[in-house]
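The block underneath contains the structure these notes are about, expressed in structure tokens.
The values are calculated or read from the model by the stated rules, or taken from the named source; none is laboratory data. This is a predicted model, so every value here is computed, not measured. No Cβ is skipped: glycine too gets one built from the backbone with ideal geometry, and neighbour counts run over all protein chains shown. Protein only, heavy atoms only, side chains kept; ligands, DNA and RNA dropped before computing areas. Shrake-Rupley method; radii C 1.70, N 1.55, O 1.52, S 1.80 Å.
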Amino acid sequence: MRLLRRYISRSVIGPFFFSFGALTGLLMMNQLAKKFGDLVGKDLPPRVIVEVLLLSLPFIIALTLPMAVLVAILYGYSQLGSDNEVTAMRASGVSVMQMLRPALAAGVILAVLNFLFVDQVLPRTNARLRSLLNDVAQKKPAFHMREQAINELRPYFIRAGRVFPGSGRLRDVEIYDMSLADAARVIYADSGRMAFDQKGTDLILKLFTGKVHEYKTNEPGRIQVTDFVTNTVRVREVQNKFNLSTDNFQFDDREMTTCEMMDRVAAFHRQATRAEANQVGLARQDLRALMRLASGISTPRVADTASGHHCGAWRNIERAIGKALLPEVATAEQRAAPPGQAPAVPRIAPGPPFTPRVPVAAPTRDSVIGPVPFTVALLSSFSDAVSARDEHRNAVIQANRFTVEIHKKYTISVACFTFVMIGVALALRFPRGGMGLVIGGGLLIFAIFYVSLTGGEALGDRGIVAPWIAMWFPNGLMLLAGIVGLIQVNREFGSTRGGDLADLFETIRGWFRLRRREA
């Protein structure tokens, strides 16, 4: 049996690596085409472009790894079936379950590795990629002077009749200066030279032999003309340098580990509970106001100070992985006090004086005999009711969103296992399907799985379906189809199982005919 397991494993390993590399390369080209317009034309360093592409790779790997598992299983087991090796195994007493064990073991190992990759590596790379893309978006494109065209460099508009590339020399230069509030200035020059300053941000134009025409808005009939031999114009912030930001930003659900998202879900649940209690308090206050009763004692709203963390000791390993993949940003330190002097204590601005609220007793029967002063409860405002409702709704939506992302990490990883089940069932049921089965069956299963996953994610975020049901439904569907297919294949002997894609189409037609007869 050990020899059999090795033989089946070798027939699957090669197609797995080939399909994994091919699918990753195709999606990488697609990702490069999407980001091409944002990276080209801004004079970025080559290392930045390479880093953007490398940081985009983990997200692609998380998608292509389960896909490569399915393609490898379909190709490897269909080849075994087309070469009648499956028939020989069944004739020798080897069951379908024994043929399935090597692939199942590989699927479990790949599912665990994929989860560790998606949970620990992918969030850090997504965070670093988002920060890097923000820095790229803030960089201005490289400046290029165009001939016989108006080059807009506010507050200047520059036109050059001739531009000599590489030397920075210009001929027949016109500059329209709109920087003055009460005047307009036009500079004409016979020639000039342009260059950036030492910092590479400001454009310096040195003009030769020309005139300056200045028009005053309060003197429309007057033009002041000034001749010059040499004139220098500095245009600021034309081309800025690329700087990597060091600011911390709020991590999204795609940039957090499972343990961090579990903490966030618990915090949103506590927020929803407090908002619900606030709604109940407002309803009680409105009832007391309608019954003309005294207002109750208003309890101040306490801030959420709970600091419960999930995952226990695993968080230490998680922090070590995070520091290795995404180093923490150093925070600014306070200025040290001179020797012999006490450190400065930050001054806190005095707030409004505290006025304790004294509870007012509710009216008793004595109030009928004599007047007892008390404060009647007031109806809550419309803004208070809407604010409490929106706070509860937003907390529930955020909790659902993070819960969906938690289950999504698990279900994408477990797909490596479920794809093995349904892949083996299809390959053994249609052993002569060939590449048509690999490509067509693989695309069909991918489409069903990822469309169900995307639709379930939207339903889970809105709270229409429970997050765990929405995320685990695609895996449950694939697992059920795989189990049913394996049971059917196990009942049939190797030589009685058919064939190619025509047999598959005939089976589908038979299902439709049976449904029509039942209807």
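Scanning segment 221-252 for residues that are modelled with pLDDT of 75 or more and of a type outside the set (Val, Ile, Thr) gives Gly221, Arg222, Gln224, Asp227, Phe228, Asn231, Arg234, Arg236, Asp252.
Against the criterion of being without any contact (Cβ under 8 Å) to a residue 40 or more places away in the chain, among the β-branched types (Val, Ile, Thr) and surrounded by 14 or more Cβ atoms within 10 Å (Cβ to Cβ), Ile8 does not qualify. All conditions in (1) of a type in the set (Val, Ile, Thr); (2) open to solvent by 10 Å² or more (accessible area, probe 1.4 Å); (3) within 25 Å of the chain's Cα centre (by Cα) hold for Ile487, with the sole exception of (3). Residues in segment 144-183 that are open to solvent by 60 Å² or more (accessible area, probe 1.4 Å), farther than 26 Å from Asn218 by Cα and among the aliphatic types (A, V, I, L, M): Ile150 only.
Against the condition within 25 Å of the chain's Cα centre (by Cα), without any contact (Cβ under 8 Å) to a residue 60 or more places away in the chain, over 19 Å from Gly21 (Cβ atoms) and open to solvent by 30 Å² or more (accessible area, probe 1.4 Å), how does Leu116 come out, does it pass? Yes; evaluated as a whole, the condition is true for this residue. For segment 108-193, the strands (runs of 3 or more DSSP E) that sit wholly inside it and include 1 or more residues that are farther than 20 Å from Arg254 by Cβ and among the acidic types (Asp, Glu) are 151-153, 169-177. Residues in segment 444-469 that are within 27 Å of Ala103 (Cα to Cα) and of a type in the set (Gly, Ala, Ser) were compared, and the one that is surrounded by the most Cβ atoms within 10 Å (Cβ to Cβ) is Ser452. Quick one: count up the residues across segment 78-107 that are in a helix (DSSP H, G or I), surrounded by fewer than 19 Cβ atoms within 10 Å (Cβ to Cβ) and modelled with pLDDT under 90. Final tally of qualifying residues: 9. No other residue among Gly441, Gly482 is of a type in the set (Gly, Ala, Ser), surrounded by 15 or more Cβ atoms within 10 Å (Cβ to Cβ), at pLDDT below 90 and in a helix (DSSP H, G or I) apart from Gly441.
Rundown of residues vs (1) at pLDDT 90 or above; (2) among the charged types (D, E, K, R); (3) more than 30 Å from Leu290 (Cα to Cα), yes/no style:
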site	(1), (2), (3)
Phe374	no, no, no
Asp384	no, yes, no
Ala388	no, no, no
Ile397	yes, no, yes
Thr403	yes, no, yes
His407	yes, no, yes
Tyr410	yes, no, yes
Ala415	yes, no, yes
Gly423	yes, no, yes
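Cβ separations smaller than 8 Å between residues 6+ apart or across chains give the following pairs from segment 458-484 residues that are on the phi > 0 side of the Ramachandran plot to residues that are assigned to a helix (DSSP H, G or I) and open to solvent by less than 50 Å² (accessible area, probe 1.4 Å): Gly463/Asn400. Restricting attention to segment 24-77 and to residues that are among the acidic types (Asp, Glu) and part of a helix (DSSP H, G or I), the residue that is nearest to Ile109 (Cα to Cα) turns out to be Glu51.
Please specify each residue of segment 401-442 satisfying the condition of being of a type in the set (Lys, Arg) and within 18 Å of Val489 (Cα to Cα). Lay out the reasoning, then the answer.
In the first step, residues of segment 401-442 are kept if they are of a type in the set (Lys, Arg); the result is 401, 408-409, 429, 432.
Selection gives Arg429, Arg432.
Which one is farthest from Leu207 (Cα to Cα), of the residues in segment 140-186 that are among the aliphatic types (A, V, I, L, M) and touching a residue at least 40 places away in the same chain (Cβ under 8 Å)? Ranking the candidates gives Ala142 first.
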